[in-house]
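Chemist: If you scroll down you'll find the structure; I have some questions about it.
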Amino acid sequence: MTDAIALGIPTVRAQAPVLAPRRPTRKIQVGSLEVGGDAPITVQSMTTTKTHDIGATLQQIAELTAAGCDIVRVACPTDKDAAALPVIAKQSRIPVIADIHFNPKYVFAAIEAGCGAVRVNPGNIRKFDDQVAEICKAASDHGVSLRIGVNAGSLDPRLLKKHGKATPEALVESATWEAGLFEENDFHDFKISVKHHDVVTMVQAYQLLSEAGSWPLHLGVTEAGPAFQGTIKSCAAFGTLLSQGIGDTIRVSLSAPPVEEVKVGTKLLEFMGLRERQLEIVSCPSCGRAQVDVWTLADQVEEGLKDITAPLRVAVMGCVVNGPGEAREADLGCASGNGKGQIFVRGKVVETVPEDQVVETLLRHAQDMAAQMAEELGEDALAGTSPMVSAAG
């Protein structure tokens, strides 16, 4: 350990401030996890494998779990996929949701397979309304919850004719109608989603839905797009709703590997004070004042700390304007210029080193601090989600 440890590592993790209290919702069970009420907001993703390829599906679920995913959804469009569900549900370390479209028989197969929940799209499943009573009984008998997933692209034609298009009102009318069918059968273990690809429409739909009942809500911007665009759309929509206390579980839908969805979702919740903070890197943006290649420096630090999830805030700064102040505000930081760099630990300069030694010195202090945190908090070595770089200045 270095002398930096003597500067004090907190033994209690401070509760992060939140923008608004959570909206009261009914609490349901999704496998081993609670969703809704005062339960933590969960992050979901969906496998991209063929579900009947059990080995590949379980491997991807393991990767998602390691990245911080709480709940995973798998597609079930065929008999072969339905037959694989019992093994996948049993061997997955996180609850598995079966995603059902078109054929109601797979709803019953997923329930009997021991899935944590089943996602149903009433707009797609043929004869769905006629089988709600049977679905409710099967789900109740097996302790399985459901998600009513309403999508803009699969609204009932009657609603499209009535509203002209997939408006917020149309999405909410579809969701509340289907919710009423379950409630008429005294079944309440379900959550609802009303997804749309447009941020404003999606936000307005969830705002209306949150006023209409106390159902737990699954947030999603459907077909959000490639990683860059989809991340912005999802964060804009989720940030708006979560800042109003709306939302109990989220999925960031990206045209990208599902692990990337989990990274975005977990960091979004961390930065909003809704999930325990892990590693955060604060770094300078591009700026003519910089006296060092901050981009390269930040990339090297991010790569070096990718396996650390200790709740450290690490500042990587490049000039004398904001650098020293930002570095002092962080748990650990560096301010570089004129061929050298100062290393700060909790507000104190502990080393001044040549510029080409800044990264290795910063990484050494970060590793020591993370190890000390793990020891004092009684945890195993902290590893997992890679950090994301946020600009400061």
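Chemist: In this structure, does Thr249 turn out to be more than 21 Å from Trp177 (Cα to Cα) and either touching a helix residue (DSSP H, G or I) at 6+ places or on another chain (Cβ under 6 Å) or charged (D, E, K, R) (or both)?
Modeler: Values: more than 21 Å from Trp177 (Cα to Cα): yes; either touching a helix residue (DSSP H, G or I) at 6+ places or on another chain (Cβ under 6 Å) or charged (D, E, K, R) (or both): no.
The answer is no for Thr249.
Chemist: Go through segment 177-232 and report how many residues are polar (S, T, N, Q) and in contact with a strand residue (DSSP E or B) (Cβ under 6 Å, 6 or more places away or on another chain). Outline the logic, then answer.
Modeler: First, pick out the residues of segment 177-232 that are polar (S, T, N, Q): 185, 193, 201, 204, 207, 210, 214, 222, 229, 231.
Subsequent filtering for residues that are in contact with a strand residue (DSSP E or B) (Cβ under 6 Å, 6 or more places away or on another chain) retains 193, 222.
Total meeting the criteria: 2.
Chemist: Consider only pairs whose beta carbons are under 6 Å apart and that are at least six residues apart or on different chains; among these, list those whose first residue lies in segment 335-353 and is closer than 14 Å to Met369 by Cβ and aromatic (Phe, Trp, Tyr) and whose second residue is modelled with pLDDT under 90 and not in a strand (DSSP E or B).
Modeler: Phe344/Ala327; Phe344/Arg328
Chemist: Would you please list the contacts, defined by Cβ atoms under 8 Å and residues six or more apart or on different chains, that run from a residue in segment 91-104 that is charged (D, E, K, R) to a residue that is open to solvent by 20 Å² or more (accessible area, probe 1.4 Å)?
Modeler: Final answer for the pair search is Arg93/Ala62; Arg93/Thr65; Asp99/Met46; Asp99/Ala75.
Chemist: Given the structure, is Thr57 surrounded by 15 or more Cβ atoms within 10 Å (Cβ to Cβ), in the same structural domain as Gly116 (by the TED database), polar (S, T, N, Q) and in a loop (DSSP other than H, G, I, E, B)? Working first, answer last.
Modeler: On the way: surrounded by 15 or more Cβ atoms within 10 Å (Cβ to Cβ): yes; in the same structural domain as Gly116 (by the TED database): yes; polar (S, T, N, Q): yes; in a loop (DSSP other than H, G, I, E, B): no.
No; evaluated as a whole, the condition is false for this residue.
Chemist: Next question. Could you give me the residue pairs with C-beta distances under 6 Å whose first residue belongs to segment 309-333 and is part of a helix (DSSP H, G or I), whose second residue is modelled with pLDDT of 85 or more wherever it lies, and which are 6+ apart or on separate chains?
Modeler: Note: pairs meeting the criteria are Glu326/Ala315; Ala327/Ala315; Ala327/Gly333; Ala327/Phe344; Arg328/Phe344.
Chemist: Please work out which residue is surrounded by the most Cβ atoms within 10 Å (Cβ to Cβ), limiting yourself to segment 104-151 and to residues that are part of a loop (DSSP other than H, G, I, E, B) and touching a Ser or Thr at 6+ places or on another chain (Cβ under 9 Å). Quick ask: steps written out before the conclusion?
Modeler: Step one: filter segment 104-151 for residues part of a loop (DSSP other than H, G, I, E, B), giving 104, 113-116, 121-128, 143-144.
Next, only the ones that are touching a Ser or Thr at 6+ places or on another chain (Cβ under 9 Å) stay: 116, 121-124.
Working: Gly116: 24, Asn121: 20, Pro122: 20, Gly123: 20, Asn124: 15.
Checked segment 104-151; the qualifying residue surrounded by the most Cβ atoms within 10 Å (Cβ to Cβ) is Gly116.
Chemist: Oh, and also: Suppose the filter is more than 26 Å from Ala310 (Cβ to Cβ), open to solvent by less than 10 Å² (accessible area, probe 1.4 Å), modelled with pLDDT of 95 or more and not assigned by the TED database to the domain that holds Ile308; does Gly245 pass it? Talk me through it step by step, then tell me what you get.
Modeler: Values: more than 26 Å from Ala310 (Cβ to Cβ): yes; open to solvent by less than 10 Å² (accessible area, probe 1.4 Å): yes; modelled with pLDDT of 95 or more: yes; not assigned by the TED database to the domain that holds Ile308: yes.
Yes; evaluated as a whole, the condition is true for this residue.
Chemist: Can you work out which of the residues in segment 330-344 that are out of contact with any Asp or Glu (no Cβ under 8 Å at 6 or more places or on another chain) and surrounded by fewer than 19 Cβ atoms within 10 Å (Cβ to Cβ) is nearest to Val294 (Cα to Cα)?
Modeler: Gly337
Chemist: Considering every residue within segment 87-97, establish whether at least one is over 13 Å from Gln44 (Cβ atoms), modelled with pLDDT of 95 or more, over 24 Å from the mean Cα position of the chain (by Cα) and assigned by the TED database to the domain that holds Gly55.
Modeler: Within segment 87-97, one or more residues are over 13 Å from Gln44 (Cβ atoms), modelled with pLDDT of 95 or more, over 24 Å from the mean Cα position of the chain (by Cα) and assigned by the TED database to the domain that holds Gly55.
Chemist: Restricting attention to segment 156-181, which residues are under 28 Å from the mean Cα position of the chain (by Cα) and closer than 19 Å to Ala139 by Cβ? So that I can check it myself, show each step before the final result.
Modeler: Filtering segment 156-181 for residues under 28 Å from the mean Cα position of the chain (by Cα) gives 166-176, 178-179.
Answer for segment 156-181, where residues must be under 28 Å from the mean Cα position of the chain (by Cα) and closer than 19 Å to Ala139 by Cβ: Ala175, Glu178, Ala179.
Chemist: Within segment 343-367, which residues are farther than 19 Å from Leu305 by Cα and of a type outside the set (Val, Ile, Thr)? First the steps, then the outcome.
Modeler: Filtering segment 343-367 for residues farther than 19 Å from Leu305 by Cα gives 347-354.
Gly347, Lys348, Glu351, Pro354 - these are the residues of segment 343-367 that are farther than 19 Å from Leu305 by Cα and of a type outside the set (Val, Ile, Thr).
Chemist: Ok, one more. What are the residues in segment 70-86 that are farther than 22 Å from Ala39 by Cβ and in a strand (DSSP E or B), if any?
Modeler: The first filter runs over segment 70-86 and keeps only residues farther than 22 Å from Ala39 by Cβ, leaving 74-86.
Val74, Ala75, listed by residue number.
Chemist: Please specify each residue of segment 259-283 satisfying the condition of being of a type in the set (S, T, N, Q) and open to solvent by 10 Å² or more (accessible area, probe 1.4 Å). So that I can check it myself, show each step before the final result.
Modeler: Quick first cut of segment 259-283, residues of a type in the set (S, T, N, Q) only: 266, 278, 283.
Residue satisfying the conditions is Gln278 alone.
Chemist: Now a separate question. Give the residues of segment 230-278 that are over 24 Å from Met373 (Cα atoms) and touching a Cys at 6+ places or on another chain (Cβ under 6 Å), sorted by residue number. Even if it seems obvious, please write down each step before you answer.
Modeler: In the first step, residues of segment 230-278 are kept if they are over 24 Å from Met373 (Cα atoms); the result is 230-262, 264-265.
Across segment 230-278, the qualifying residue is only Val262.
Chemist: Right, another one. Inspect segment 75-85 for any residue being over 26 Å from the mean Cα position of the chain (by Cα), under 27 Å from Pro168 (Cα atoms) and crowded, with 17+ Cβ neighbours inside 10 Å and give the result as yes or no.
Modeler: No, that holds for no residue.
Chemist: Inside segment 210-238, can you point out the residues that are outside any loop (DSSP other than H, G, I, E, B), more than 12 Å from the chain's Cα centre (by Cα) and not polar (S, T, N, Q)? So that I can check it myself, show each step before the final result.
Modeler: Here is the first cut: in segment 210-238, the residues outside any loop (DSSP other than H, G, I, E, B) are 210-212, 217-219, 226-238.
From the residues that got through so far, the ones that are more than 12 Å from the chain's Cα centre (by Cα) too are 210-212, 217, 226-230, 232-233, 236-237.
Hits for segment 210-238 are Glu211, Ala212, Leu217, Pro226, Ala227, Phe228, Gly230, Ile232, Lys233, Ala236, Ala237.
The values are calculated or read from the model by the stated rules, or taken from the named source; none is laboratory data. Computed from a predicted structure; not experimentally measured. Glycine gets a Cβ as well: all are built from the backbone with ideal geometry, and neighbour counts include every protein chain shown. These accessible areas exclude ligands, DNA and RNA; they are computed on the full protein's heavy atoms, side chains included. Shrake-Rupley method; radii C 1.70, N 1.55, O 1.52, S 1.80 Å.
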